[in-house]
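What follows is a short report on a single structure.
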Amino acid sequence: MASITTELVETGAKRDGRGRRIVTAMERAALLFAYQRSGLTQRAFAQREGVKYSTLTAWLQGRRHAGRPGPRRKIHFTEVPMTRAPAVIGLAVQLPDGVVIRGGSVSEIAELVRALRS
């Protein structure tokens, strides 16, 4: 009888409660870019990269629909009161979720961030 030797290699990737690897937005963008350049079919690329085919197709579909406004993607605006109006808009900060905050000074931007988080 033949024996089978297996080895578990931990890559350090984050996993969810079900053991699935969590892919960051940057990793996902890199994979999608690599797919476009690969010339492979979606199924072949997913198999090569160790990604489920259905996951890859969902990512591709999500990217195609990202620019289109739809019922699931509502835009929300919030009025943020400030103690004084900015004199010159010279600084801009982009938050991790894509929100861009512009102001004339660091204190104004900090005030906006505090107001948004509250």
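The numbers here are math on the coordinates, done by the rules we state, and not lab data. These numbers come from a predicted model, not from an experiment. Here the Cβ positions follow ideal geometry from the backbone for every residue, glycine too, while neighbour counts run over all protein chains shown.
Loop-located GluC sites (Glu not before Pro) in segment 10-53 (DSSP state not H, G, I, E or B) with no more than 12 neighbouring Cβ atoms inside 10 Å: GLU10.
At an R0 of 41 angstrom, the distance between the Cβ atoms of LEU40 and GLN94 translates into a FRET efficiency of 0.80. Multiplying the residue separation of MET82 and GLN61 by 0.36 nm and subtracting their alpha-carbon distance yields 3.6 nm.
In a simple Cβ point-charge model (Lys, Arg +1; Asp, Glu -1; nothing else charged), segment 25-65 has a dipole of about 100 debye relative to its Cα centre.
The ILE22 and SER118 beta-carbon pair, evaluated with R₀ = 30 Å, returns a calculated FRET efficiency of approximately 0.55.
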